[in-house]
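Q: This is the structure, below, for whatever I ask next.
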Amino acid sequence: MKRVIWISLSLAPILGVTGFMAWKSRAVAHELVDPPFYRPQPLTRVQGTYDDLAKGQDGDPGGRWTSEEVDGLQLWRFTRPTPSPGVVLLLHGFGDDRWGTSPALKWFPRLDAAIFTYRRRDDAMRQGGPVPAVTFGVLESRDVIRMVHHLEASGVPRRRILLLGRSLGASVGLLALADLEREGKGPLAGIIWEGAPASSRSFAERLVRGPEDRWWHVLAPPIGATAALAAGRMGRYRPEDTDLIQRLGSLRLGTPSLCFLATQDRLAPPAVQRAVAAQFQNGQVVEVSTWHLHCADVLGSDYTKTINAAVNRWFP
């Protein structure tokens, strides 16, 4: 009897750790495919934001919104009041949509803009139907490619199309750009990106770690790996297809790049950002001592000035 009790007590910590890892892996996997903090805004609020952007303010000339259906997606286009040298395609991040990212068009007062929600998740939620999973760039990047092809078909050459992506939007943009350049039809006008997660596995591990290191974070790698595999099964994609370094391979990207790199980023590893940036033939990296997606807060007006300088180089 004593032996049984001793064995039970010996196994208790192992069973406890195993149970915690299983619970945490399931929770992170569900967060990867369906961010719990995301809820689409009412269309009245979305329209109010778009109306304000159309009016223009703080040096932005405003413009006119139109929308169109593209292969089951809804593309919103913003046309400036005077002829523009190109279009910036705004790519939203993890747990966001076309509403949350649309104010970024004010960083590009010279350019027309276009924006859409990947996989139309916002409308699916509003309608109460099945909601497509977030696939961490696998299917989202294909949506971006379709939009670039659509813009080309509407008369905008790809050398006049600029991508902007932050956080998962940066990963989506980079994955799409790699496939677009592999088409052999030339580079885009440019890509501006910040805080690109390295992969679904890397992001899952970093969700476990959180903002500060803890002793139990030795469990983060196996939890992240298990969560990424589970998310892949739920979203019907291969986790390895989300890996930036693996997907880019030895490709030398001809599209000009501007990367804002937060050196204290715990969600998008700085080493991976530098490695990806190095694959551009013509690239600029602005390193800022701050956290994930806080470069604009630290740089202030210099953030916009840096973007404008790049746009002026790419659209002389």
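Q: May I ask you to list the residues in the range 55-66 that are outside any strand (DSSP E or B) and in contact with a strand residue (DSSP E or B) (Cβ under 6 Å, 6 or more places away or on another chain)?
A: Once the filter is applied, which keeps residues that are outside any strand (DSSP E or B) and in contact with a strand residue (DSSP E or B) (Cβ under 6 Å, 6 or more places away or on another chain), the range 55-66 yields only Gly63.
Q: Considering only the range 268-308, state which residues are more than 19 Å from Pro103 (Cα to Cα), free of Cβ contacts under 8 Å to residues at least 40 places away in the same chain and part of a helix (DSSP H, G or I).
A: Pro270, Ala271, Arg274, Ala275, Ala277
Q: Which condition breaks for Asp241 when tested against (1) touching a helix residue (DSSP H, G or I) at 6+ places or on another chain (Cβ under 6 Å); (2) assigned to a helix (DSSP H, G or I); (3) within 19 Å of Ala27 (Cα to Cα); (4) modelled with pLDDT of 95 or more?
A: (3)
Q: Are any residues in the range 238-251 of a type outside the set (Val, Ile, Thr) and either open to solvent by 20 Å² or more (accessible area, probe 1.4 Å) or in contact with a strand residue (DSSP E or B) (Cβ under 7 Å, 6 or more places away or on another chain) (or both), and if so, which ones?
A: Arg238, Pro239, Glu240, Asp241, Asp243, Gln246, Arg247, Gly249, Ser250, Leu251
Q: Residues in the range 92-99: is at least one in a strand (DSSP E or B) and surrounded by fewer than 20 Cβ atoms within 10 Å (Cβ to Cβ)?
A: No, the range 92-99 contains no residue that is in a strand (DSSP E or B) and surrounded by fewer than 20 Cβ atoms within 10 Å (Cβ to Cβ).
Q: Helices (runs of 4 or more DSSP H) wholly in the range 118-209 with at least 2 residues that are within 23 Å of Ala271 (Cα to Cα), modelled with pLDDT of 95 or more and under 11 Å from the mean Cα position of the chain (by Cα) - which ones?
A: In the range 118-209, the matching helices (runs of 4 or more DSSP H) lie at 168-182.
Table: residues versus (1) within 18 Å of Thr242 (Cα to Cα); (2) touching a helix residue (DSSP H, G or I) at 6+ places or on another chain (Cβ under 6 Å); (3) surrounded by 24 or more Cβ atoms within 10 Å (Cβ to Cβ).
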{"position": "His149", "(1), (2), (3)": "no, no, no"}
{"position": "Gly155", "(1), (2), (3)": "no, no, no"}
{"position": "Ala178", "(1), (2), (3)": "yes, yes, no"}
{"position": "Glu183", "(1), (2), (3)": "no, no, no"}
{"position": "Trp193", "(1), (2), (3)": "yes, yes, yes"}
{"position": "Val208", "(1), (2), (3)": "no, yes, no"}
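Q: Which residue pairs have Cβ atoms under 7 Å apart, sit 6 or more places apart or on different chains, and have a first residue in the range 143-165 that is touching a residue at least 60 places away in the same chain (Cβ under 8 Å) and a second that is assigned to a helix (DSSP H, G or I) and open to solvent by 20 Å² or more (accessible area, probe 1.4 Å)?
A: Asp143/Arg119; Leu162/Trp314
Yes or no, residue by residue, for (1) assigned to a helix (DSSP H, G or I); (2) at pLDDT 95 or above; (3) surrounded by 20 or more Cβ atoms within 10 Å (Cβ to Cβ):
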{"site": "Leu15", "(1), (2), (3)": "yes, no, no"}
{"site": "Met21", "(1), (2), (3)": "yes, no, no"}
{"site": "Leu32", "(1), (2), (3)": "yes, yes, yes"}
{"site": "Asp52", "(1), (2), (3)": "yes, yes, no"}
{"site": "Glu68", "(1), (2), (3)": "no, yes, no"}
{"site": "Leu75", "(1), (2), (3)": "no, yes, yes"}
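Q: Could you check the range 108-120 and list, in sequence order, the residues that are more than 19 Å from His150 (Cβ to Cβ) and of a type in the set (Lys, Arg)?
A: Listed by number, the list holds a single entry, Arg110.
Q: Let me ask something else about it. With respect to Gly254, is the statement that it is more than 26 Å from Gly186 (Cα to Cα) and surrounded by fewer than 15 Cβ atoms within 10 Å (Cβ to Cβ) true?
A: no
Q: Got a number for residues in the range 54-66 being of a type outside the set (D, E, K, R) and exposed (fewer than 15 other Cβ atoms within 10 Å of the Cβ)?
A: Number satisfying all stated conditions: 5.
Q: Looking at (1) open to solvent by less than 10 Å² (accessible area, probe 1.4 Å); (2) under 23 Å from Ile191 (Cβ atoms); (3) touching a residue at least 60 places away in the same chain (Cβ under 8 Å), which one does Ala104 not meet, given that it meets all the others?
A: (1)
The values are calculated or read from the model by the stated rules, or taken from the named source; none is laboratory data. Keep in mind that what you see is a predicted model, and the values were worked out from it rather than measured. Cβ atoms come from the backbone with ideal geometry, glycine included; neighbour counts cover every protein chain shown. Surface areas here come from the heavy atoms of the whole protein model, side chains and all, with no ligands, DNA or RNA. Shrake-Rupley method; radii C 1.70, N 1.55, O 1.52, S 1.80 Å.
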